[in-house]
Amino acid sequence: MDSDRVVWRRLGFGGTLLATLFFCASLTPSLLPRTWLYQGVMGGITAILGYAVGAGAGAACRAVTRRRPPERWRRRAWQIMLAGCATLAAAALWYSYDWQRDLRPLMGMDTAITWFPPVILAVAIAFFTVFLLVARLIRLGGRKLIGWLDLFVPVYLGHAIGVVVVASLIAVIAGDVLFSGFVNTVSDVSSVANSSTHPGVRRPTSATLSGGPGSLVSWESLGREGRTFTGTATTPARLAAFSGGGAVQPIRVYVGLEAASSPRDQAALAVRELERTGAFDRPVLAVLGTTGTGWVDHGISDTLEFMYNGDSAMVAVQYSYLPSWVSFLVDRDKAAAAGAALFEAVRARWESLPAGDRPKLVVSGESLGSFELESAFRDLDDLAARTDGALFVGPPNANHIWHALTAGREQGSPLWRPVYGSGRTVRFAQRPADLSLPPAPWPHPRVVYLQNASDPVVWWSPALVYDRPGWLEPPRGPGVNPQMNWFPLVTFWQVLVDMIAGRSVPPGHGHRYGGNIVDGWAAVAAPPGWTAADTSRLRLLINAS
C-alpha cells in the first residue's frame, strides 16, 4: 500500500507549475509549422521536463527551509496555482492555432490547417502520464534500495551508494539498452532499405557512371542512395534541351559502404574509378559529401551538370546507411574520416597532373555531407588554398569551419547572414541577392554557405538549453516568426522537433534550398560564358524538379 501511494500520490506543487509553464511554452511558434500530433507529443515530453525541473527545485527548497507551510496556506496556494495554470493552458491552446497559421504565410504555405486543441491536450497528458509513472517507479526502486542499504551501513553512506547505483543503472539502461537497442533496430531496418532500390531507378548503361558497363564498382554494392545517384544522372538529351546542343554524358562515381572495408580503401577505389571514367580530363571535378544514408541532393549534382552541359565529373562515398539524424549522433567520426580520406586521395591524384591540365577541383555537401567535407580541412584558409571553391548547403551547427566563421563575423552582421573578412573569400546566403553582400571584391576561389534563417538543421545546438540564440535577435532572418521566443530547455526541444519537418516546407525555407543552389554554384564554379540569364533559367528548372 505504501508503494502504491509513492507511485500514485498527487502531483508536486513545483512540478505541476513548471510542467504547465513548459507545456504552454511548447505551444508557442518555433522555426517551422508543425502538425497537431507532433504538438501533442512534444507538449507531453516538454511538460515532463518541466515537471522534473520543478520537482527538483521544490525538493531543494524543502531541504533548505525544512519548514512546511500550514495546511490552509498550502490548500489556498494549490487552488490559486491550479486556477492560473488551467487559465494559462486554455489560453495557450486557443492561441496556438493562430500562432501556427501566422507562421505559414511567412513560408508561402496555405493557412488552412487541421488543429485540434482538445486532442493535443489529451495526447500531451497521455505522454506526460506515462513518463511520470516510469519516473516514480524508478524513484520507488531507489528508495527501497536505500532503505535496505541503511540497515547495513551508516545512513549517509547508504543514501550516497543508493543514489550512485540508481544513477548508474539509469545511465546503463538508457545508453546501453534503450539507445543502443534503438540504434541497432534502426540499423537493421536501414540495412534492409540500403539493399533496395528506389522505384524507377535503373542500372546505368553508360560506362561513365559507377555500376554501369566496365565499372570497378558493382551495381549491387552502391547501396540504395548510390544507385539513385548514378542511375538518375542527367541525360545528354535533357542537357541539350537546356543548352541547345553539344551535351556529353556526365561522370558520376560512387563507392558504397559494402565495396571496401575502410574509408581509405573506399577512397582509393573511388580514385581508380575516376581514372577509368576519364574524370580528370573534364573541366570540373566535384568531391561531394553525402548524408547518413549516402544521399546526395540532386540539386547539387544536377546543377553542375547543366552548367557544364554534362562535361563534368563528381565523386562521392557512402559511410553509413543510417538516417542523417541518427548518423549525426553516432557516426560523425565516420563521416569525418570518409570526407578526409576521399578528398586527400582525389587531390593527391589531381596534384600529379601537370598544372595546366588539372580540372577545377571543387567540394560540396548538404547537411551532414557538408560536415563530412568540411572535416577534410583545418580552417577557411586551408579550404581556399587546396580547392578551387566550395558550396556548403544547410550546414549543421557542429561544422567547425562554419562555427569559427560565424563566431568571428564582423560586428553588426546578423548571425543568419554573417560577414567574415569583408566577404573576400566566404559569403553566406539565403537568397540570391545575399551573394552580392558586402559590395566588395570577391576573387576566386570562393566559398559559399547557403543557410536558411528557418533551417533547424543549421540552428539547432545543445546551447539552446541554456542560452538565447543570436538568430532570435533583431533583425531576424526571412521566414523567422517575430512571435518566436526563447525558453530554457523548451526551445531546444522545439527546434529539435522542427528537424523532422525540415523538408516539409517550400524551397527557400526550412531545410530546402531548391533553385538557390544554382546561384551558389554560379558564384563558385561558373563555366566560361555563363550568364545571369542562364542562372535564372536553370533556377526555374531546378525548382520545378
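The values are calculated or read from the model by the stated rules, or taken from the named source; none is laboratory data. These numbers come from a predicted model, not from an experiment. So basically every Cβ, Gly included, is an ideal-geometry build from the backbone, and we count neighbours across all protein chains shown. Quick note on the areas: whole protein, heavy atoms, side chains included, nothing else; ligands and nucleic acids left out. Shrake-Rupley method; radii C 1.70, N 1.55, O 1.52, S 1.80 Å.
Rundown of residues vs (1) hydroxyl-bearing (Ser, Thr, Tyr); (2) in contact (Cβ under 8 Å) with a residue 60 or more places away in the chain; (3) open to solvent by 60 Å² or more (accessible area, probe 1.4 Å); (4) farther than 24 Å from ALA135 by Cβ, yes/no style:
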{"site": "LEU31", "(1), (2), (3), (4)": "no, yes, no, yes"}
{"site": "PRO69", "(1), (2), (3), (4)": "no, no, yes, yes"}
{"site": "TRP73", "(1), (2), (3), (4)": "no, no, yes, yes"}
{"site": "ARG76", "(1), (2), (3), (4)": "no, no, yes, yes"}
{"site": "TYR95", "(1), (2), (3), (4)": "yes, yes, yes, yes"}
{"site": "ARG101", "(1), (2), (3), (4)": "no, no, yes, yes"}
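Just to be sure I understand, how many residues within segment 240-256 are of a type outside the set (Lys, Arg) and either closer than 16 Å to TYR319 by Cα or crowded, with 24+ Cβ neighbours inside 10 Å (or both)?
Kept after step one, since they are of a type outside the set (Lys, Arg), are these residues of segment 240-256: 240-251, 253-256.
Next cut, either closer than 16 Å to TYR319 by Cα or crowded, with 24+ Cβ neighbours inside 10 Å (or both) only: 250-251, 253-256.
Total meeting the criteria: 6.
More than 30 Å from LYS360 (Cα to Cα), crowded, with 18+ Cβ neighbours inside 10 Å and touching a residue at least 12 places away in the same chain (Cβ under 8 Å): is that true of TRP460 in this structure?
Values: more than 30 Å from LYS360 (Cα to Cα): yes; crowded, with 18+ Cβ neighbours inside 10 Å: yes; touching a residue at least 12 places away in the same chain (Cβ under 8 Å): yes.
Considered against the rule, which asks whether it is more than 30 Å from LYS360 (Cα to Cα), crowded, with 18+ Cβ neighbours inside 10 Å and touching a residue at least 12 places away in the same chain (Cβ under 8 Å), TRP460 comes out as yes.
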Check: Which residue out of GLY84, GLY158 is free of Cβ contacts under 8 Å to residues at least 40 places away in the same chain, farther than 25 Å from ILE45 by Cβ, open to solvent by less than 50 Å² (accessible area, probe 1.4 Å) and not hydroxyl-bearing (Ser, Thr, Tyr)?
Finding: GLY158
Margin query: Any residue in segment 480-501 that is farther than 16 Å from ARG104 by Cα sitting within a Cβ distance under 6 Å of a residue that is surrounded by fewer than 20 Cβ atoms within 10 Å (Cβ to Cβ) and basic (Lys, Arg)? List the pairs, counting only those 6 or more apart or interchain.
Written below: TRP486/ARG468
Checklist line | Number of positions in segment 73-107 that are among the basic types (Lys, Arg), more than 23 Å from GLY479 (Cα to Cα) and modelled with pLDDT of 85 or more | finding: 2
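Which of the residues that make up segment 506-534 are assigned to a helix (DSSP H, G or I), in contact with a helix residue (DSSP H, G or I) (Cβ under 6 Å, 6 or more places away or on another chain) and surrounded by fewer than 20 Cβ atoms within 10 Å (Cβ to Cβ)? Break it down stepwise before answering.
Restricting attention to segment 506-534, the residues satisfying the condition of being assigned to a helix (DSSP H, G or I) are 516-525, 532-534.
Narrowing the set further to residues that are in contact with a helix residue (DSSP H, G or I) (Cβ under 6 Å, 6 or more places away or on another chain) leaves 517-519, 521-523.
None - no residue of segment 506-534 is assigned to a helix (DSSP H, G or I), in contact with a helix residue (DSSP H, G or I) (Cβ under 6 Å, 6 or more places away or on another chain) and surrounded by fewer than 20 Cβ atoms within 10 Å (Cβ to Cβ), so the list stays empty.
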Next item on the list: Consider only pairs whose beta carbons are under 7 Å apart and that are at least six residues apart or on different chains; among these, list those whose first residue lies in segment 118-133 and is touching a residue at least 12 places away in the same chain (Cβ under 8 Å) and farther than 18 Å from SER96 by Cβ and whose second residue is open to solvent by less than 60 Å² (accessible area, probe 1.4 Å) and of a type in the set (Phe, Trp, Tyr).
Entry: LEU132/TYR51
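Confirm whether ILE113 is at pLDDT 85 or above, under 30 Å from PHE23 (Cβ atoms) and part of a loop (DSSP other than H, G, I, E, B). Walk me through it before giving the result.
Details: at pLDDT 85 or above: yes; under 30 Å from PHE23 (Cβ atoms): yes; part of a loop (DSSP other than H, G, I, E, B): yes.
Criteria met by ILE113.
For ALA335, indicate whether it is in contact with a helix residue (DSSP H, G or I) (Cβ under 9 Å, 6 or more places away or on another chain), in a helix (DSSP H, G or I) and open to solvent by less than 10 Å² (accessible area, probe 1.4 Å). Can you show your working first?
Values: in contact with a helix residue (DSSP H, G or I) (Cβ under 9 Å, 6 or more places away or on another chain): yes; in a helix (DSSP H, G or I): yes; open to solvent by less than 10 Å² (accessible area, probe 1.4 Å): yes.
When the stated conditions are applied, ALA335 passes them.
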Next item on the list: For segment 275-319, enumerate the residues that are at positive phi and open to solvent by 10 Å² or more (accessible area, probe 1.4 Å).
Entry: GLY278, ASN309
Notebook entry, point to check: If you check every pair at least six apart or on different chains, which have Cβ atoms under 7 Å apart with a residue in segment 321-339 that is under 22 Å from ARG503 (Cα atoms) and among the hydroxyl-bearing types (Ser, Thr, Tyr) first and a residue that is part of a helix (DSSP H, G or I) and at pLDDT 90 or above second?
Noted result: TYR321/GLY223; SER324/LEU368; SER327/ALA335; SER327/LEU368
Next item on the list: Would you check if LEU342 is hydrophobic (A, V, I, L, M, F, W, C), open to solvent by less than 10 Å² (accessible area, probe 1.4 Å) and under 25 Å from PRO527 (Cβ atoms)?
Entry: yes
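Yes/no per residue for (1) out of contact with any helix residue (DSSP H, G or I) (no Cβ under 8 Å at 6 or more places or on another chain); (2) among the hydrophobic types (A, V, I, L, M, F, W, C); (3) modelled with pLDDT of 95 or more; (4) surrounded by fewer than 16 Cβ atoms within 10 Å (Cβ to Cβ):
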{"position": "VAL362", "(1), (2), (3), (4)": "no, yes, yes, no"}
{"position": "ASP381", "(1), (2), (3), (4)": "yes, no, yes, yes"}
{"position": "VAL393", "(1), (2), (3), (4)": "no, yes, yes, no"}
{"position": "ILE401", "(1), (2), (3), (4)": "no, yes, yes, no"}
{"position": "GLU410", "(1), (2), (3), (4)": "no, no, yes, yes"}
{"position": "PRO414", "(1), (2), (3), (4)": "no, no, yes, no"}
{"position": "ARG417", "(1), (2), (3), (4)": "no, no, yes, no"}
{"position": "VAL426", "(1), (2), (3), (4)": "no, yes, yes, no"}
{"position": "ALA440", "(1), (2), (3), (4)": "no, yes, no, yes"}
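Can you report the number of residues in segment 103-115 which are touching a His at 6+ places or on another chain (Cβ under 9 Å) and either of a type in the set (S, T, N, Q) or surrounded by 16 or more Cβ atoms within 10 Å (Cβ to Cβ) (or both)? If you could, list the steps in order and put the result at the bottom.
Of the residues in segment 103-115, the ones touching a His at 6+ places or on another chain (Cβ under 9 Å) are 106-109.
Those still in the list that are either of a type in the set (S, T, N, Q) or surrounded by 16 or more Cβ atoms within 10 Å (Cβ to Cβ) (or both) too: 106-107, 109.
Summing the residues that are touching a His at 6+ places or on another chain (Cβ under 9 Å) and either of a type in the set (S, T, N, Q) or surrounded by 16 or more Cβ atoms within 10 Å (Cβ to Cβ) (or both) in segment 103-115 gives 3.
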Check: Inside segment 161-199, can you point out the residues that are without any contact (Cβ under 8 Å) to a residue 12 or more places away in the chain, within 19 Å of TRP295 (Cβ to Cβ) and surrounded by 12 or more Cβ atoms within 10 Å (Cβ to Cβ)?
Finding: VAL189
